[in-house]
1. Mind counting the residues in the range 77-100 that are modelled with pLDDT of 95 or more, in contact with a strand residue (DSSP E or B) (Cβ under 8 Å, 6 or more places away or on another chain), part of a loop (DSSP other than H, G, I, E, B) and over 18 Å from residue 43 (Cα atoms)?
2. Only one of 6, 25 is in contact (Cβ under 8 Å) with a residue 40 or more places away in the chain and in a strand (DSSP E or B); which?
3. Do we have residue 74 as in a loop (DSSP other than H, G, I, E, B), surrounded by 14 or more Cβ atoms within 10 Å (Cβ to Cβ) and at pLDDT 95 or above here?
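The values are calculated or read from the model by the stated rules, or taken from the named source; none is laboratory data. Treat the numbers as computed from the prediction; the structure is a model and nothing was measured. Cβ placement follows ideal geometry from the backbone for every residue including glycine, while neighbour counts extend to all protein chains displayed.
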């Protein structure tokens with residue numbers, strides 16, 4: 001079984017994004033875990049060990065932008081990813097009010 005962590009960096013402000021709510025669901029929509037980013041923009045372990053297959057991380061970016069005085073375009077960012085082997089997966093989000101990117105981290 002695989003494990004999962006994430007972090008969010010606010011590229012507009014040049015710092016970690018603290019206080020972003022993150023929800024992990026299965027592809028079918030079952031909630032597997034949730035958390036909130038810490039002062040370093042991280043959620044160290046999210047949800048239980050993951051079985052192979054597709055999963056979705058949903059970041060509450062609209063609430064974060066409002067809390068930081070920014071007007072954002074995306075109220076939520078959903079990142080769908082595939083778990084294959086029993087290893088650790090790290091899915092970062094680079095965020096600004098009008099765009100975002102993600103990648104498989106380590």
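1. Total satisfying the criteria: 0.
2. Sole residue among the options that is in contact (Cβ under 8 Å) with a residue 40 or more places away in the chain and in a strand (DSSP E or B): 6.
3. So residue 74 fits the description; yes.
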